[in-house]
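Enquirer: Dropping a structure here in structure tokens format, bear with me for questions.
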Ligand code: FAD
């Protein structure tokens, strides 16, 4: 199918893009990489009166270190994140996750701002935003404001933005990464995940001083499992830790069944991935 008719605007600044959205009276749509939006237009599941193309706004494409954070512009492509030496050294879990995002052609065009805004519950970048406790800087008619990732993802394919808001950049705090792992299973490599888990641990004297755990594919949004992080930091680490961790993770989620997998299968799968992830994190903690 072909999209319904729309006007097309290609602003050169973020302020002009916000003005274009305001002028569209809620009928406008932003175009970033187009990898999720264009299928929706072609199937006429979205019928915006105007497309506001972000691709000419150069200020939105960058990856840079600011103090103890890595900040990524919303128009930065998946491919650039995947191959960034800064991301590899400072956000290694994200670097590992990027290899699971779709296929090369899609990673060449898809953007971090588009992926977060699309808010697919089985997409890697929304999960990474939860994992790292990212903060999104959003520009709207009243200026800029910051939204924590935990408040941004409201439901499956639903974020908290107003129709005139644009994600400008995303700030990722650098975590300890003494031992970490990213595990995912999809039906075919490059498909959306059936289940996935990210883990990072900081060893202490006999146990763990810090732990970070996030999962996806098992709820309507990606989840950070803070209860499990707390449990991990209260035990002595020994040979039983991966099994105990697996059980805690499994019992923390209540997935839905869909045409790709039953709820029981997703839960079982996540438990197995959790066990594997903890084994890897403990083995690499140095
Ligand atoms: P677009 O398609 O341009 O936009 C998506 C939505 O976000 C639109 O509503 C748009 O208006 C809005 N938007 C875009 N930019 C902004 C912004 N800066 N501020 C506010 N709103 C904005 N993704 C994965 O993570 N993992 C996968 O395994 C995966 N597999 C895929 C397989 C296929 C076959 C396809 C087609 C896509 C897949 N994707 C996957 C999705 C891909 O990563 C997309 O690139 C991404 O979800 C959307 O990014 P985009 O830049 O293309 O956004």
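The values are calculated or read from the model by the stated rules, or taken from the named source; none is laboratory data. Computed from a prediction, not measured in an experiment: that's the story for all the values here. Virtual Cβ from ideal backbone geometry, glycine too; neighbours counted across all protein chains shown.
Enquirer: From the list 145, 188, pick out the single residue that is over 23 Å from residue 284 (Cβ atoms), in the same structural domain as residue 275 (by TED's automatic domain parsing), without any contact (Cβ under 8 Å) to a residue 60 or more places away in the chain and surrounded by fewer than 22 Cβ atoms within 10 Å (Cβ to Cβ).
Expert: 188
Enquirer: Taking the stated definitions as given, is residue 54 crowded, with 22+ Cβ neighbours inside 10 Å and under 22 Å from residue 139 (Cα atoms)?
Expert: When the stated conditions are applied, residue 54 passes them.
Enquirer: Just need a number here: residues in region 214-240 that are over 18 Å from residue 155 (Cα atoms) and touching a helix residue (DSSP H, G or I) at 6+ places or on another chain (Cβ under 6 Å).
Expert: 2
Enquirer: Then there is this: Would you confirm, using the coordinates I've provided, whether residue 46 is in contact with a helix residue (DSSP H, G or I) (Cβ under 9 Å, 6 or more places away or on another chain) and more than 13 Å from the ligand (Cβ to nearest atom)? Give the derivation first.
Expert: On the way: in contact with a helix residue (DSSP H, G or I) (Cβ under 9 Å, 6 or more places away or on another chain): yes; more than 13 Å from the ligand (Cβ to nearest atom): no.
Answer is no for this residue.
Enquirer: For the structure I just gave you, tell me whether residue 81 is at pLDDT 95 or above and near the ligand (Cβ under 9 Å from one of its atoms).
Expert: no
Enquirer: Out of the residues in region 1-14 meeting the condition of being within 14 Å of the ligand (Cβ to nearest atom) and either within 27 Å of the chain's Cα centre (by Cα) or part of a helix (DSSP H, G or I) (or both), tell me which one is farthest from residue 143 (Cα to Cα).
Expert: Out of the qualifying residues, it is 10.
Enquirer: Something else about it: Report, by residue number, each residue of region 23-41 that is part of a helix (DSSP H, G or I) and within 25 Å of the chain's Cα centre (by Cα).
Expert: Within region 23-41, 37, 38, 39, 40, 41 qualify.
Enquirer: A follow-up question, please. Could you tell me whether residue 169 is over 14 Å from the mean Cα position of the chain (by Cα) and either within 10 Å of the ligand (Cβ to nearest atom) or buried (at least 20 other Cβ atoms within 10 Å of the Cβ) (or both)?
Expert: no
Enquirer: How many residues does region 62-78 contain that are away from the ligand (no atom under 16 Å from the Cβ) and assigned to a loop (DSSP other than H, G, I, E, B)? Break it down stepwise before answering.
Expert: Step one: of region 62-78, the residues away from the ligand (no atom under 16 Å from the Cβ) are 64-70.
Subsequent filtering for residues that are assigned to a loop (DSSP other than H, G, I, E, B) retains 67-68.
Of the residues in region 62-78, 2 are away from the ligand (no atom under 16 Å from the Cβ) and assigned to a loop (DSSP other than H, G, I, E, B).
Enquirer: Could you tell me which residue of region 79-113 is surrounded by the most Cβ atoms within 10 Å (Cβ to Cβ), considering only residues that are part of a helix (DSSP H, G or I) and either assigned by TED's automatic domain parsing to the domain that holds residue 224 or under 11 Å from the mean Cα position of the chain (by Cα) (or both)?
Expert: 112
Enquirer: Filter region 172-201 down to the residues that are more than 14 Å from the ligand (Cβ to nearest atom), modelled with pLDDT of 95 or more and closer than 28 Å to residue 67 by Cα and list them by number.
Expert: Correct list: 172, 173, 174, 175, 179, 180, 181, 197, 199, 200, 201.
Enquirer: Can you work out which of the residues in region 114-163 that are part of a loop (DSSP other than H, G, I, E, B) and over 23 Å from residue 258 (Cβ atoms) is nearest to the ligand (Cβ to nearest atom)?
Expert: Among those that are part of a loop (DSSP other than H, G, I, E, B) and over 23 Å from residue 258 (Cβ atoms), it is 161.
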